[in-house]
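J.: Got a structure for you, questions after.
Every number in this text was worked out from the coordinates using simple rules, so none of it is lab data. Note that the structure is predicted; figures quoted are calculated from it, not measured. All Cβ positions, glycine included, derive from the backbone under ideal geometry; neighbour counts span all protein chains shown.
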Ligand SMILES: Nc1nc2c(ncn2[C@@H]2O[C@H](COP(=O)(O)OP(=O)(O)OP(=O)(O)O)[C@@H](O)[C@H]2O)c(=O)[nH]1
């Protein structure tokens, strides 16, 4: 906390930056003035070089004509002092050489002119004039106030540069790192400390920004966690619902299969029902026709079931039907055989490949087995035990029927005959 109090504020840094900006402006202005001064000085030198022949040619000619070397020297010095002349040299006609010069290593623009008496075309000598160069070094050498000002300005600039470095170190660096951190900010990630906040020397305002940012980040994170928890709960709910749906689909599939089985099977005995039997009869009849094969069809009917029900009850009648269905299924269990309950106490056996004689043998055996079970009837007018009557018809190339219905009708008629002949017997179709 103490570090926050001692940290320089953004306001003070802003002021400092403004001062620095002012200094830069002063520097720019001074440079511009210096450039103007140099330009004016160049113009002045050019003017001087043009004016010197007008001012000095005649006095120098007189001094040479009158042989007054002191006067000549005085004139040359006057040229040095009053004008921007660096060096002047006079070569008299008599070979005398006089010169004057000021301090300075560089030469500026130069000119020369002849020394003549007014009205005379005769030259008494030649004057070579070299002006001082017009650059900032000679300007500073001559203008000590400006030189001191520029030195101070240079010092101030160095201080300003140092201040700028300090500003960068104390503020801009933190701002840059803060920007980088904020650009990397990912709300889906757990909150992390900003890399620049570990510096206790960060400006007070930035530390406040950091606290505010941390607050925002923690709020976002808390909200994110709430959302994630909500999403997880939703996902769990979706998974639960999907599981339930899957279970319901499986149950539905099972029910469908069950319904499919039920739709083609008899609910009491589990044998094929009438619809399934009719399909099989059509199919096998066509096959027998096509392949000139044999097909036996038997219709079986328990005798006096009505009376049995009346004596033993309907449930006992059901049990009797189931017991007969079981025997039927046990005796005819080849892949191609089909046994079915056609309705009530009537059953059927469809036996592809069997002719009448071979089927008759099997069915007689079955009838005898059923009788041999000796299930007491209790109400049959003829028998003490439950019996079964059978009508049998068979398709073969030698005895072809025109249709499955015709074959079925023949078996039904044979059953009718068996019933009327006294029951507990098998009758063959005519
Ligand atoms: N217990 C039981 N009885 C049934 C079922 N289906 C039909 N029956 C009974 O079977 C009897 C058939 O009677 P009928 O057609 O007169 O024939 P029957 O008494 O067996 O005499 P015959 O067939 O001439 O020997 C009826 O009393 C029906 O109620 C069943 O699923 N369960």
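J.: Just to confirm the number: angle between the C-alpha axis of helix 204-264 and the first principal axis of the chain, 0 to 90 degrees, nearest 10?
T.: 20 degrees
J.: Between residue 292 and residue 235, what is the spin-label point distance in nm, taking each point 7 Å from the Cα along the Cα→C-beta axis?
T.: 7.3 nm
J.: Can you put 336, 138, 72 in order, fewest other beta carbons within 10 Å first?
T.: 336, 138, 72
J.: Could you work out how far apart the two model spin labels at residue 175 and residue 65 are, taking each label as a point 7 Å from the Cα in the direction of the beta carbon, and quote it in nm?
T.: Placing both labels 7 Å beyond Cα along the Cβ direction yields 7.8 nm.
J.: A follow-up question, please. Relative to the present Cα-Cα distance, how much length would full extension add between residue 143 and residue 365 at 0.36 nm per residue of separation?
T.: Full-extension gain reported as 65.0 nm.
J.: Just for the chain, what percent of DSSP beta bridges are antiparallel, to the closest 5? The partial results should precede the final answer.
T.: Values: 42 of 46 bridges.
Roughly 90 percent of the beta bridges in the chain run antiparallel, per DSSP.
J.: Quick one: work out Rg over Rh on the C-alpha atoms of the chain, Rh as Kirkwood radius.
T.: Values: Rg = 67.3 Å, Rh = 35.7 Å.
Rg/Rh for the chain comes to 1.88.
J.: Report the percentage of all Cα-Cα pairs in segment 2-155 whose separation exceeds 19 Å, rounded to a whole percent.
T.: The proportion of pairs with Cα distances above 19 Å equals 64 percent.
J.: So how far apart, in nm, are the two label points at residue 382 and residue 168 if each is 7 Å from Cα heading toward Cβ?
T.: The modelled label-to-label distance comes out at 12.5 nm.
J.: Right, next: Apply the a/c threshold of 1.5 to the C-alpha gyration tensor of segment 254-349 and tell me whether it is rounded, prolate or oblate.
T.: oblate
J.: So for the chain, averaging the separation of alpha carbon pairs under 8 Å that are six or more residues apart and normalising by length, what relative contact order in percent results?
T.: After rounding, I find 11 percent.
J.: Subtract the Cα-Cα distance of residue 152 and residue 101 from 0.36 nm times their separation in residues, and report this length gain in nm to one decimal.
T.: Details: separation 51, 0.36 × 51 = 18.36 nm, distance 3.17 nm.
Full extension of this stretch gives 15.2 nm more.
J.: Starting from the Cα-Cα distance between residue 416 and residue 55, subtract it from 0.36 nm times their residue separation and give me the gain in nm to one decimal.
T.: Gain on stretching residue 416 to residue 55: 113.1 nm.
J.: Round to the nearest 0.05 the FRET efficiency obtained for residue 225 and residue 18 when R0 = 30 Å and r is the Cβ-Cβ distance.
T.: 0.05
J.: Compute the angle between helix 356-372 and the longest alpha-carbon principal axis of the chain, please, reported from 0 to 90 degrees and rounded to the nearest 10.
T.: So the inclination is approximately 80 degrees.
J.: Kindly provide the helix-only [θ] at 222 nm of the chain, computed as the sum of -39,500 (n - 2.57) over DSSP H runs of four or more divided by all residues, to the nearest 500 deg cm²/dmol?
T.: -21000 deg cm²/dmol
J.: Give me the angle, in degrees from 0 to 90, between the Cα long axis of helix 69-82 and the longest principal axis of the Cα atoms of the chain, rounded to the nearest 10.
T.: Helix 69-82 sits at roughly 30 degrees to that axis.
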